[in-house]
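Colleague: My questions will all concern the structure given below.
The values are calculated or read from the model by the stated rules, or taken from the named source; none is laboratory data. No experiment lies behind these values; they were computed from the predicted model shown. So basically every Cβ, Gly included, is an ideal-geometry build from the backbone, and we count neighbours across all protein chains shown. Note: accessible area is taken over every heavy atom of the protein model, side chains too, but ligands, DNA and RNA are not part of it. Shrake-Rupley method; radii C 1.70, N 1.55, O 1.52, S 1.80 Å.
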Amino acid sequence: MRLDLLKRKIEIPSGVDVTMDLGTFTVNGPLGTLTKVMESGGLFIEKKDDEVIVYATEVTRHKKRMVNTFVAHIRNMIIG
């Protein structure tokens with residue numbers, strides 16, 4: 001069974017700044033700055049207010065794994 005949309009949200013704590021530019025994801029926080037290039041076809045990353053949203057449409061097993069991997073990378077970058 002295929003899902004039409006898979007969406008994961010990550011909260012950004014106060015004191016942490018997240019920016020995205022053409023596949024480059026940058027997190028600035030009290031412990032320093034981390035930058036990672038994150039590009040993958042079929043996945044979308046948005047920043048809204050104090051959260052980052054990673055989502056995919058027409059979800060397959062591969063896209064689900066990639067969404068969860070991106071979420072894990074972003075959470076680890078925010079933690080420091």
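Colleague: Using amide H atoms built 1.01 Å from N in the peptide plane, name the residues 5+ places from Leu3, or on other chains, whose amide H lies under 5 Å from its own.
Modeller: Amide H neighbours of Leu3: Val59.
Colleague: While we're looking at this one, here's another question. Taking 7 Å along the Cα-to-C-beta vector as the label spot, tell me the Phe44-Asn28 distance in nanometres, rounded to one decimal.
Modeller: Result: 2.7 nm between the two label points.
Colleague: Can you compute 3J(HN,Hα) from phi for each residue in region 34-47, using the Karplus curve 6.51 cos²θ - 1.76 cosθ + 1.60 with θ = phi - 60°, rounded to whole Hz and x for Gly and Pro?
Modeller: Along region 34-47, the couplings run 10, 10, 9, 8, 10, 10, 7, x, x, 10, 10, 10, 10, 10 Hz.
Colleague: How far is helix 61-79 tilted, in degrees, relative to the longest principal axis of the Cα atoms in the chain, given as a value from 0 to 90 rounded to the nearest 10?
Modeller: So the inclination is approximately 10 degrees.
Colleague: Using a Cα distance threshold of under 15 Å, what count of lysine pairs results for the chain when pairs must be 8 or more residues apart or interchain?
Modeller: Step by step, the pairs that qualify in the chain add up to 7.
Colleague: Right, another one. On the protein heavy atoms, probe 1.4 angstrom, tell me the percent of accessible surface of the chain carried by carbon and sulfur.
Modeller: 50 percent
Colleague: Check which residues have an amide H placed less than 5 Å from Phe25's amide H, if you skip close sequence neighbours.
Modeller: Counting only residues 5 or more places away or on other chains, the set is Lys36, Val37, Met38.
Colleague: With Kirkwood's inverse mean 1/r over C-alpha pairs for Rh, give me the Rg to Rh ratio of the chain, two decimals please.
Modeller: 0.98
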